[in-house]
């Protein structure tokens, strides 16, 4: 499998606190990777460093062999890294359709009837096409999660980072989001999923990486991970 | 097309008015209303579209005015050159302030813009070439071209500037720039992760907004035949420039236009009929009423009424 994302010795300090310490990680093109770890383990900091929201203190990040360490978040998005947010951040003054037209205009560089069709096709895929002209702040929680994924898709990503897209959702809604992520991955998009719902992570991921106190403590297939004593200790204690 | 036809018709109407025997006070008061339109529209490009509240309006206005004074004193520049010079200098100030402060968000950005006012006021107070703290008297020409008085000419110039400001705000709103700025206002992190170069867009907005405020300030010395720092650096300009879009509605280019017409007209009427001291009170009361009862301004009320009547 060709390497899409390569992280080498990534460290992130916040003053005297080290949130990430020497993280090394490779993600293959088309892979489904689960990222788990207890609260405060550094999962969100790691994806903030990947997406460009934070600048790392040390280390490097490469996308398809290209160094992206010094690039800003919008430049990384244009190169193919998209993400959703733990707490949905819709452009609330805009309709659902307009939310998608932002990345389409700024990543694709054009904004016309063809782009509206493109946005509508993504909304159809997410089951949101009937809500296209609704103000985004009127959406339900699951619809907001879908719209966030749709907006991330509108940026035509090679790598999609889903940050707790299922948090606070009911069982059937979790399955809906999971199916959407499977469908997106089937189109060739690499997906990194951060999630606290372990059944979803284990069902979705080909490989799972576990972080604790800013370090990768183990990685492997879902069945290997659940048996790993380091993971059990990180979640359950000694 | 409709916009341009109606705007140019209005401009032609104002031009004809200046040639007729209309009372001179109409043009004197009309200049202020039109200047408020430019200020409110300019403020809204950064404050309304991108959500960055700029309290530095008097600084930009003053840079426009004092650039005009310098150009007039140094090379006897005509008013058009003074306006262009004022716009360029205030635009550069906008770019500089933006580079230094636009990485700050919310209240921190607003406080930084207030600081710019005090810094520039101190500089002007100690700059004798432009009159320092005591100010400078200017002698303006009697009339110009077809206009019988200079006030009429300045009224027409300000009409033209108001048209340019409104057209610019309309263009920004409907272009990809406007969509990006709205995204910045709603969620800067999400905008950046949607490919929006947030800092670049904010810098463009700050520069354009600053340049338009400078343009509004440039004719002031000639309009008053006098310039002095205490009145031009008055923070009430900042409150007015912020209040007018809030009254009219910040989400659309029409909002500041409506707000400016309402506020400036009411203030002019109050000045003539009651007292000029009550101007600030009128603004304060209107602001409180709109913030509580109609936070989306007159535009918001109109939209609600349209939805309700369907």
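The values are calculated or read from the model by the stated rules, or taken from the named source; none is laboratory data. Worth saying up front: this structure is predicted, and the values here are computed from it rather than measured. As a convention, Cβ positions derive from the backbone with ideal geometry for all residues, glycine included, and neighbour counts pool all protein chains shown.
Quick one: in the range A:85-124, which of the residues that are more than 24 Å from residue B:249 (Cβ to Cβ) and in contact with a strand residue (DSSP E or B) (Cβ under 7 Å, 6 or more places away or on another chain) is nearest to the other protein chains (Cβ to nearest Cβ)?
A:85
Quick check, is residue A:82 within 14 Å of chain B (Cβ to nearest Cβ), in a strand (DSSP E or B), modelled with pLDDT of 90 or more and under 24 Å from residue B:197 (Cα atoms)? Reasoning before the result, please.
Working: within 14 Å of chain B (Cβ to nearest Cβ): yes; in a strand (DSSP E or B): yes; modelled with pLDDT of 90 or more: yes; under 24 Å from residue B:197 (Cα atoms): yes.
So residue A:82 fits the description; yes.
Do we have residue A:143 as part of a helix (DSSP H, G or I), under 21 Å from residue B:189 (Cβ atoms) and more than 12 Å from every other protein chain (Cβ to nearest Cβ) here?
yes
More than 19 Å from residue A:47 (Cβ to Cβ), more than 14 Å from chain B (Cβ to nearest Cβ) and touching a strand residue (DSSP E or B) at 6+ places or on another chain (Cβ under 8 Å): does that describe residue A:170? So that I can check it myself, show each step before the final result.
Working: more than 19 Å from residue A:47 (Cβ to Cβ): yes; more than 14 Å from chain B (Cβ to nearest Cβ): yes; touching a strand residue (DSSP E or B) at 6+ places or on another chain (Cβ under 8 Å): no.
So residue A:170 fails the test.
Would you mind listing the helices (runs of 4 or more DSSP H) fully within the range B:228-310 where at least 3 residues are under 15 Å from the mean Cα position of the chain (by Cα) and surrounded by 14 or more Cβ atoms within 10 Å (Cβ to Cβ)? Steps first, answer last, please.
Numbers: elements: B:229-232, B:236-248, B:254-273, B:279-293, B:297-309.
Qualifying helices (runs of 4 or more DSSP H): B:236-248, B:254-273.
Please find, among B:59, B:68, the residue that is touching a residue at least 40 places away in the same chain (Cβ under 8 Å), under 17 Å from the mean Cα position of the chain (by Cα) and over 26 Å from residue B:181 (Cα atoms).
Details: B:59 fails: over 26 Å from residue B:181 (Cα atoms).
None of the other options fit; the residue is B:68.
Going by the structure shown, is residue B:221 away from chain A (no Cβ under 14 Å) and either farther than 30 Å from residue B:186 by Cβ or out of contact with any helix residue (DSSP H, G or I) (no Cβ under 7 Å at 6 or more places or on another chain) (or both)?
Details: away from chain A (no Cβ under 14 Å): yes; either farther than 30 Å from residue B:186 by Cβ or out of contact with any helix residue (DSSP H, G or I) (no Cβ under 7 Å at 6 or more places or on another chain) (or both): yes.
For residue B:221, the condition - away from chain A (no Cβ under 14 Å) and either farther than 30 Å from residue B:186 by Cβ or out of contact with any helix residue (DSSP H, G or I) (no Cβ under 7 Å at 6 or more places or on another chain) (or both) - is met.
Do any residues in the range B:105-123 that are touching a residue at least 12 places away in the same chain (Cβ under 8 Å) have Cβ atoms under 6 Å from those of residues that are surrounded by 12 or more Cβ atoms within 10 Å (Cβ to Cβ) and in a helix (DSSP H, G or I), where the two are at least six apart or on different chains, and which pairs are they?
The qualifying pairs are B:109/B:101; B:112/B:101; B:116/B:59; B:116/B:97; B:117/B:58; B:117/B:59; B:120/B:59; B:121/B:229.
Inside the range A:146-159, can you point out the residues that are touching a helix residue (DSSP H, G or I) at 6+ places or on another chain (Cβ under 6 Å) and not in a helix (DSSP H, G or I)?
A:155
Determine whether residue A:4 is assigned to a strand (DSSP E or B) and crowded, with 20+ Cβ neighbours inside 10 Å. It would help to see each step written out before you state the result.
On the way: assigned to a strand (DSSP E or B): yes; crowded, with 20+ Cβ neighbours inside 10 Å: yes.
Criteria met by residue A:4.
Would you check if residue B:47 is over 23 Å from residue B:177 (Cβ atoms) and buried (at least 24 other Cβ atoms within 10 Å of the Cβ)?
Values: over 23 Å from residue B:177 (Cβ atoms): no; buried (at least 24 other Cβ atoms within 10 Å of the Cβ): yes.
When the stated conditions are applied, residue B:47 does not pass them.
Would you point out the residue of the range B:169-188, among those that are buried (at least 19 other Cβ atoms within 10 Å of the Cβ) and away from chain A (no Cβ under 14 Å), that is farthest from the chain's Cα centre (by Cα)?
Once the filter is applied, the top-ranked residue is B:172.
Please find, among B:136, B:99, the residue that is in contact (Cβ under 8 Å) with a residue 60 or more places away in the chain, more than 17 Å from the chain's Cα centre (by Cα) and over 19 Å from residue B:228 (Cα atoms).
Criteria check complete, one pass: B:99.
Is it the case, given these coordinates, that residue A:129 is touching a strand residue (DSSP E or B) at 6+ places or on another chain (Cβ under 6 Å), over 12 Å from residue A:184 (Cα atoms) and away from chain B (no Cβ under 11 Å)?
Numbers: touching a strand residue (DSSP E or B) at 6+ places or on another chain (Cβ under 6 Å): no; over 12 Å from residue A:184 (Cα atoms): yes; away from chain B (no Cβ under 11 Å): yes.
In short, no.
Table: residues versus (1) at pLDDT below 90; (2) closer than 20 Å to residue B:184 by Cα; (3) surrounded by fewer than 20 Cβ atoms within 10 Å (Cβ to Cβ); (4) out of contact with any helix residue (DSSP H, G or I) (no Cβ under 7 Å at 6 or more places or on another chain).
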| position | (1), (2), (3), (4) |
| --- | --- |
| A:91 | no, yes, no, no |
| A:103 | no, yes, no, no |
| A:121 | no, no, yes, yes |
| A:128 | no, no, no, no |
| A:133 | no, no, yes, no |
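Among the residues of the range A:49-78, write down those that are within 12 Å of chain B (Cβ to nearest Cβ), surrounded by fewer than 20 Cβ atoms within 10 Å (Cβ to Cβ) and free of Cβ contacts under 8 Å to residues at least 24 places away in the same chain.
Those that are within 12 Å of chain B (Cβ to nearest Cβ), surrounded by fewer than 20 Cβ atoms within 10 Å (Cβ to Cβ) and free of Cβ contacts under 8 Å to residues at least 24 places away in the same chain: A:53, A:71, A:72, A:75.
Filter the range A:7-52 for residues that are assigned to a strand (DSSP E or B) and within 20 Å of residue A:224 (Cα to Cα) and give the result. Walk me through how you get there before you give the answer.
Keep residues of the range A:7-52 that are assigned to a strand (DSSP E or B), which gives A:7-14, A:17-28, A:32-36.
Listed by number, the residues that qualify are A:24, A:25, A:26, A:27, A:28, A:32, A:33, A:34, A:35, A:36.
Given the condition at positive phi and under 15 Å from the mean Cα position of the chain (by Cα), answer yes or no: does some residue in the range A:75-97 qualify? Explain how you work it out, then say what you get.
Applying the first criterion (at positive phi) to the range A:75-97 yields A:80.
Still in the running and under 15 Å from the mean Cα position of the chain (by Cα): A:80.
Yes, the range A:75-97 contains at least one residue that is at positive phi and under 15 Å from the mean Cα position of the chain (by Cα).
Show me the helices (runs of 4 or more DSSP H) entirely contained within the range B:1-83 in which 2 or more residues are modelled with pLDDT under 95 and at positive phi. Break it down stepwise before answering.
Details: elements: B:2-19, B:24-47, B:57-75.
Of the helices (runs of 4 or more DSSP H) lying wholly inside the range B:1-83, none has at least 2 residues that are modelled with pLDDT under 95 and at positive phi.
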